[in-house]
1. Would you point out which residue out of Gly207, Gly181 is crowded, with 18+ Cβ neighbours inside 10 Å and among the small types (Gly, Ala, Ser)?
2. Here is a list: Glu324, Glu298. Which entry is surrounded by fewer than 17 Cβ atoms within 10 Å (Cβ to Cβ) and either touching a Gly at 6+ places or on another chain (Cβ under 6 Å) or within 22 Å of Asp247 (Cβ to Cβ) (or both)?
3. Here are Lys451, Lys457, Lys402: which of them is modelled with pLDDT of 85 or more and of a type in the set (Lys, Arg)?
4. Hey, among the residues in segment 274-295 that are of a type in the set (Lys, Arg) and touching a strand residue (DSSP E or B) at 6+ places or on another chain (Cβ under 6 Å), which one's surrounded by the fewest Cβ atoms within 10 Å (Cβ to Cβ)?
5. May I ask you to list the residues in segment 184-200 that are surrounded by fewer than 19 Cβ atoms within 10 Å (Cβ to Cβ) and farther than 27 Å from His322 by Cα?
6. Could you please find all residues in segment 198-228 being modelled with pLDDT of 90 or more and more than 15 Å from Phe245 (Cβ to Cβ)?
7. Going through Leu319, Leu261 one at a time, which residue ends up being crowded, with 22+ Cβ neighbours inside 10 Å and out of contact with any strand residue (DSSP E or B) (no Cβ under 9 Å at 6 or more places or on another chain)?
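The values are calculated or read from the model by the stated rules, or taken from the named source; none is laboratory data. Please read these numbers as outputs of a predicted model, since none were measured by experiment. No Cβ is skipped: glycine too gets one built from the backbone with ideal geometry, and neighbour counts run over all protein chains shown.
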Amino acid sequence: MHKNKVILVVDDEASMRRNITDLLSREGFIMFEAADGLQAIEAAKSCNPSLILLDINLPKLDGMSALQEIKKINPDVAVIVFTAYGTSERAIEAMKVGAFDYIEKPFDLDEFRLSVFRAINYSNLFDEIKQLKSQLTGNEEVQNEPMIIGRSPKMQQIFKLIGKVASTDATVLVEGESGTGKELVADAIQRHSVRNNKAFIKVNCGGLPETLLESEMFGHEKGAFTGAISSRQGRFELADNGTIFLDEINNMSPSLQVRLLRVLQDRSFERVGGKQTIRVNVRVIAASNKNMETEVREGRFREDLYYRLNVVRITLPPLREHPEDIPLLVNHFLKKFNPHSQTIVSPDAMQRLTSYNWPGNVRELENVIHSVVVIARENIITLELLPGKIRGEDEVTSLNEKIKNGESLKDILNNIEREIMLRTLEETNWSRTQTASRLKINRRQLYAKMKEYKLEKKRHL
């Protein structure tokens, strides 16, 4: 992960520079040094560092002024500043200017290394964004590895937080509406973690009945229940020494919440029907499409489990709160679904895309772009190709036209109900649990309506 990563260390004490260089070069970093603020600026221009370790007290040009100039040259470079004890005000000012972190001298070696690795992970995330920008100019193919897309301030804060937590073993809780990219955040954390070459196991806690989910998570012994013809490892065992991602954690039953709490407390459990205690070393990332504080307050989720999960919380904004990222996302999906041609979006179509509310968030946008790419002619996406709800068609006028054309009220209402169900299923990526919850009906009613309206998820070869 660290091969060919360049670090610039700036300090007026030669012994300090030498000690840091010796330490980090053993980790595989390429090291450059500078003795004052002016040298730091020149070195930042020439060696293109991923990380700068910068002392505040420097000759010729102080570290604060050097930081400001460096950020003008490369706004994305991560900078960790060194401060003497008692200079916290200057450290705070440095953070405002754009420093990634600060460390007080004399610093603890483990704390220093941890801060360096966090900053490098932060730099790696920005490298992904730079690669994306290059893809959008047509210079490279879209990578197979899914990435989080966004240049808005809100998304930049998400990237920075991922960079800080990825190299730790802290449990992370990712919150956000359906379709905002919670799984992509989990992917990014795991990809930039020290466990990135270990198992990464994903469990959808809302996709299975309680009894099956318990067996899926913790495994079972032979004969534990009807159909258990052999013993089976659960997802926690499979994830040992790696990472487990628990999606839709808010849908977990109370009894399973108790079992999960124990795993988080002492990293041990028993298989279903088993007596042997199994111990695992697993990092946990959980995700919820509901506000978990509300779930706790209303009695649907255990408070003690919430606090165990909420060591670090990352809250993803809905797409409507950062519409400036929509053109970037549109171009990304165009490249994804039509990689061998340059597809153009007309200005009026792009305006509609950026002004639409996107209740299904990024996932809904991706589905729309996929659809219009399939039907577009001559690689031009015009306003007429967009779905009616995005074009802003007047639904009341549409209903009046149907009545005038002789459609019965029952048929009209059935069509509306079918459209609402289909739209909700698509927005939740065909999660029956989420769809039933949104529509305030039980799952049995939903299944009956899906059968009645012949609603099935399209499968692509």
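1. Numbers: Gly207 fails: crowded, with 18+ Cβ neighbours inside 10 Å.
Answer to the selection: Gly181.
2. On the way: Glu324 fails: either touching a Gly at 6+ places or on another chain (Cβ under 6 Å) or within 22 Å of Asp247 (Cβ to Cβ) (or both).
Only one candidate qualifies: Glu298.
3. On the way: Lys457 fails: modelled with pLDDT of 85 or more; Lys402 fails: modelled with pLDDT of 85 or more.
The match here is Lys451.
4. By that ranking, first place goes to Arg279.
5. Val194, Asn196, Asn197, Lys198, Ala199, listed by residue number.
6. Phe218
7. Leu319
Residue-by-condition table, conditions (1) surrounded by 14 or more Cβ atoms within 10 Å (Cβ to Cβ); (2) over 25 Å from Leu184 (Cβ atoms); (3) in contact (Cβ under 8 Å) with a residue 40 or more places away in the chain:
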{"position": "Leu328", "(1), (2), (3)": "yes, no, yes"}
{"position": "Phe337", "(1), (2), (3)": "yes, no, no"}
{"position": "Val345", "(1), (2), (3)": "yes, no, no"}
{"position": "Met350", "(1), (2), (3)": "yes, no, no"}
{"position": "Arg363", "(1), (2), (3)": "yes, no, yes"}
{"position": "His370", "(1), (2), (3)": "yes, no, no"}
{"position": "Ile375", "(1), (2), (3)": "no, yes, no"}
